[in-house]
Number of protein chains: 2
Amino acid sequence: MTVYEFAKGLILEAGNNVKKIMKQDIEIETKSNPNDLVTNVDKATEKYIFDNIMKTYPNHLVIGEEGHGHDLVDEQGVVWVVDPIDGTLNFVHQKENFAISIGIYNEGKPYAGFVYDVMNDVLYHAKAGEGAYENEHPIPDIPSTPLKTSIIGINPNWLTKPRLGEIFKPIVDEARSARAYGSAALEIVYVATGKLAGYITPRLQPWDFAGGLIILNEVGGKGTNLMGDTLSIYEPSSIVMANKQLHSELISNHFEKNIEIIELLQQRLKDSD
Amino acid sequence: MTVYEFAKGLILEAGNNVKKIMKQDIEIETKSNPNDLVTNVDKATEKYIFDNIMKTYPNHLVIGEEGHGHDLVDEQGVVWVVDPIDGTLNFVHQKENFAISIGIYNEGKPYAGFVYDVMNDVLYHAKAGEGAYENEHPIPDIPSTPLKTSIIGINPNWLTKPRLGEIFKPIVDEARSARAYGSAALEIVYVATGKLAGYITPRLQPWDFAGGLIILNEVGGKGTNLMGDTLSIYEPSSIVMANKQLHSELISNHFEKNIEIIELLQQRLKDSD
């Protein structure tokens with residue numbers, strides 16, 4: 001069994017466990033603020049994934065939201081980047097529209113990405129260089145679109161921020177329309193499947209984007225920070241994921257004009273990490 | 001067969017026709033602007049619904065988006081308020097997440113509401129006074145929530161508008177989070193099923209909200225314009241749909257403070273109709 005096949009089985013099994021636990025009551029606890037809910041399911045799922053990776057591949061490394069895993073500083077061996085429940089608020093309030101996300105990197109290079117929409121039972125997955133799949137259906141390359149005919153994913157919350165809002169407003173105004181689904185991992189794979197032409201957010205952790213990014217790259221999409229730099233799985237970052245034409249238009253017509261504010265925000269992200 | 005049973009069969013059959021036509025190519029035409037796409041499917045579906053109502057109930061009246069039906073000025077007999085495709089941009093860009101919406105009124109009083117999420121094959125429906133259903137499952141009454149623990153539906157587009165944006169921003173900031181799904185009919189039934197605690201938008205036509213409103217009322221939710229007034233199926237309106245506690249909080253803490261701007265917007269809606 002390849003690591004890819006193992007990971008595919010593991011994420012599906014983890015999803016089945018989530019469904020089982022959801023039939024019981026959900027015990028919710030708050031982390032630092034009411035917007036940052038985390039559930040027992042989150043922790044149990046990360047532990048399940050971590051323990052199974054360690055049992056089968058004791059020399060692999062794991063980066064995860066809930067603190068399981070290892071402190072990593074640079075590229076070494078096989079690294080799994082795991083988000084047990086992406087879209088925690090959807091999980092709590094909607095009992096659906098959340099995902100398990102796994103990105104696997106080998107010596108710093110993308111190896112495979114998985115985003116599992118648990119309640120809809122849709123697994124988005126890709127092995128680098130071999131194309132992306134929605135369950136067993138190949139996902140075609142995404143078409144290029146200019147902003148004015150694009151539907152973009154962006155949370156309304158960001159438009160209320162004083163400086164950031166001023167950068168994002170002209171983008172929303174020029175776009176055909178905007179959507180907000182509340183799960184970064186799902187919104188990134190929605191770009192890969194063409195439901196969204198792009199997805200923009202000022203702050204994600206590596207486990208939010210690692211799986212989706214590998215899938216998006218396989219269908220010709222591009223993901224960077226708002227300055228256009230390559231994303232690292234070792235630090236939080238601002239995010240723009242889109243088809244190549246839209247990505248290029250957003251960087252040159254919008255983000256480059258505001259490079260000083262964006263660099264400041266990126267620096268704050270690193271400082272607060 | 002009751003009108004309710006007839007309407008239920010009709011909307012499901014109309015949905016099946018949509019799926020069939022979607023397997024063929026979709027010919028898109030633009031109405032007044034690129035944000036206002038309308039498809040052959042839209043027109044064909046409205047004609048199908050209109051013709052079938054007229055065949056079975058020649059004395060009923062129909063209000064519809066695409067111009068079929070009758071010019072109505074006040075409450076008379078049985079009136080069907082029909083949106084053949086709500087969420088046209090989702091239809092065009094996503095091939096899913098759109099709905100057929102039907103609200104039926106008898107002598108000005110709500111009789112039955114239907115919102116059919118075609119691609120997910122979920123029919124939300126309610127006969128006034130007899131409870132609401134998601135397919136065959138009764139929808140429970142929705143819980144009361146304060147804004148600070150609520151997920152609200154609001155399109156990011158509205159936050160970029162100069163005066164309206166200033167009214168909506170504090171709401172988005174105080175809410176636990178915000179979502180935007182791109183179909184008013186679906187967003188209203190999401191309030192009814194508790195996926196969203198509320199849904200706010202400055203402008204809807206009667207066919208966008210008539211079906212969903214009847215469903216929402218059956219589970220204890222409330223829908224009015226932003227001034228708190230009862231909605232009419234004969235004119236466009238601003239919209240706030242929510243559980244009762246949230247509805248009351250939004251009106252008294254947010255919209256009443258801005259009543260002059262809101263009245264102005266409401267007047268413009270009527271003038272432009």
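The values are calculated or read from the model by the stated rules, or taken from the named source; none is laboratory data. All of these numbers come straight from a predicted model, not from anything done at the bench. Cβ coordinates were reconstructed from backbone atoms using ideal geometry, including for glycine residues, and neighbour counts include every protein chain displayed. The protein model used for the area step is the full one, side chains on, heavy atoms only, and it has no ligands, DNA or RNA in it. Shrake-Rupley method; radii C 1.70, N 1.55, O 1.52, S 1.80 Å.
Considering only residues that are in a helix (DSSP H, G or I) and within 7 Å of chain B (Cβ to nearest Cβ), look in region A:158-195 and name the one that is farthest from A:PRO206 (Cα to Cα).
Of region A:158-195, the ones in a helix (DSSP H, G or I) are A:158-160, A:162-174, A:184-193.
Okay, now just the ones that are also within 7 Å of chain B (Cβ to nearest Cβ), so A:159-160, A:169, A:172-173.
Values: A:LEU159: 23, A:THR160: 25, A:LYS169: 26, A:VAL172: 25, A:ASP173: 29 Å.
Ranking the candidates gives A:ASP173 first.
If you take the residues of region A:4-62 that are part of a loop (DSSP other than H, G, I, E, B) and either small (Gly, Ala, Ser) or modelled with pLDDT of 90 or more (or both), which of them is farthest from A:MET119 (Cα to Cα)? Full working, then the answer.
Let us first name the residues in region A:4-62 that are part of a loop (DSSP other than H, G, I, E, B), namely A:24-27, A:31-36, A:57-60.
This time we only want the ones that are either small (Gly, Ala, Ser) or modelled with pLDDT of 90 or more (or both), so: A:32, A:57-60.
Working: A:SER32: 27, A:TYR57: 28, A:PRO58: 30, A:ASN59: 32, A:HIS60: 29 Å.
Per the criteria, the residue is A:ASN59.
Just one of the numbered conditions (1) hydroxyl-bearing (Ser, Thr, Tyr); (2) without any contact (Cβ under 8 Å) to a residue 12 or more places away in the chain; (3) in contact with a strand residue (DSSP E or B) (Cβ under 9 Å, 6 or more places away or on another chain) is not true of B:TYR234; which one?
(2)
Please work out which residue is farthest from B:TYR4 (Cα to Cα), limiting yourself to region B:88-101 and to residues that are open to solvent by 10 Å² or more (accessible area, probe 1.4 Å) and not in a helix (DSSP H, G or I).
Residues of region B:88-101 open to solvent by 10 Å² or more (accessible area, probe 1.4 Å): B:88-89, B:92-97.
Next, from what is left, pick out any that are not in a helix (DSSP H, G or I): B:95-97.
Numbers: B:LYS95: 28, B:GLU96: 26, B:ASN97: 24 Å.
Selected residue: B:LYS95.
Starting from region B:189-208, take each residue that is free of Cβ contacts under 8 Å to residues at least 40 places away in the same chain and list its partners that are crowded, with 24+ Cβ neighbours inside 10 Å, counting only C-beta distances under 7 angstrom and pairs at least six apart or across chains.
B:TYR190/B:GLY153; B:TYR190/B:LEU196; B:LEU204/B:ALA184; B:LEU204/B:SER237
Can you name the residue in region A:137-157 that is facing another protein chain (nearest Cβ under 8 Å) and among the hydrophobic types (A, V, I, L, M, F, W, C) and, of all such residues, is nearest to B:SER183 (Cα to Cα)?
Among those residues, the one meeting the criterion is A:ILE151.
For every residue, the table says whether it meets (1) open to solvent by less than 10 Å² (accessible area, probe 1.4 Å); (2) out of contact with any Pro (no Cβ under 8 Å at 6 or more places or on another chain); (3) not β-branched (Val, Ile, Thr).
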site	(1), (2), (3)
B:PRO170	no, yes, yes
B:ARG176	no, no, yes
B:VAL189	yes, yes, no
B:GLY194	no, no, yes
B:GLY198	yes, yes, yes
B:ARG203	no, no, yes
B:ASP208	no, yes, yes
B:GLY220	no, yes, yes
B:THR224	yes, yes, no
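In this structure, is A:GLU260 outside the structural domain of A:LEU61 (by TED's automatic domain parsing) and under 18 Å from the mean Cα position of the chain (by Cα)?
no
Can you say whether A:LEU246 is surrounded by 24 or more Cβ atoms within 10 Å (Cβ to Cβ) and either hydrophobic (A, V, I, L, M, F, W, C) or assigned to a loop (DSSP other than H, G, I, E, B) (or both), as far as the supplied structure shows?
So A:LEU246 passes the test.
Hey, among A:ILE251, A:ILE233, which residue is part of a helix (DSSP H, G or I) and open to solvent by less than 60 Å² (accessible area, probe 1.4 Å)? It would help to see each step written out before you state the result.
Details: A:ILE233 fails: part of a helix (DSSP H, G or I).
Answer to the selection: A:ILE251.
Could you please let me know if B:ALA132 is aliphatic (A, V, I, L, M), closer than 19 Å to A:SER183 by Cβ and either without any contact (Cβ under 8 Å) to a residue 24 or more places away in the chain or more than 8 Å from every other protein chain (Cβ to nearest Cβ) (or both)? Before the answer, list the steps.
Values: aliphatic (A, V, I, L, M): yes; closer than 19 Å to A:SER183 by Cβ: no; either without any contact (Cβ under 8 Å) to a residue 24 or more places away in the chain or more than 8 Å from every other protein chain (Cβ to nearest Cβ) (or both): yes.
Answer is no for this residue.
Report yes if B:GLY77 is open to solvent by less than 30 Å² (accessible area, probe 1.4 Å), modelled with pLDDT under 95 and at positive phi, otherwise no. I'd like the intermediate steps shown before the answer.
Values: open to solvent by less than 30 Å² (accessible area, probe 1.4 Å): yes; modelled with pLDDT under 95: yes; at positive phi: yes.
In short, yes.
What residue, among those in region A:145-165 that are charged (D, E, K, R) and at pLDDT below 95, is surrounded by the fewest Cβ atoms within 10 Å (Cβ to Cβ)?
Of the residues in region A:145-165, the ones charged (D, E, K, R) are A:148, A:161, A:163.
Pick out the ones that are also at pLDDT below 95 and you get A:161, A:163.
Working: A:LYS161: 15, A:ARG163: 12.
The selected residue is A:ARG163.
With the requirement that a residue be out of contact with any Leu (no Cβ under 8 Å at 6 or more places or on another chain) and not in a helix (DSSP H, G or I), what does region B:199-225 give you?
Scanning region B:199-225 gives B:TYR199, B:THR201, B:LEU204, B:GLN205, B:VAL219, B:GLY220, B:GLY221.
What number goes with the only condition from (1) touching a helix residue (DSSP H, G or I) at 6+ places or on another chain (Cβ under 7 Å); (2) surrounded by 24 or more Cβ atoms within 10 Å (Cβ to Cβ) that A:LYS127 does not pass?
Just one mismatch for A:LYS127, condition (2).
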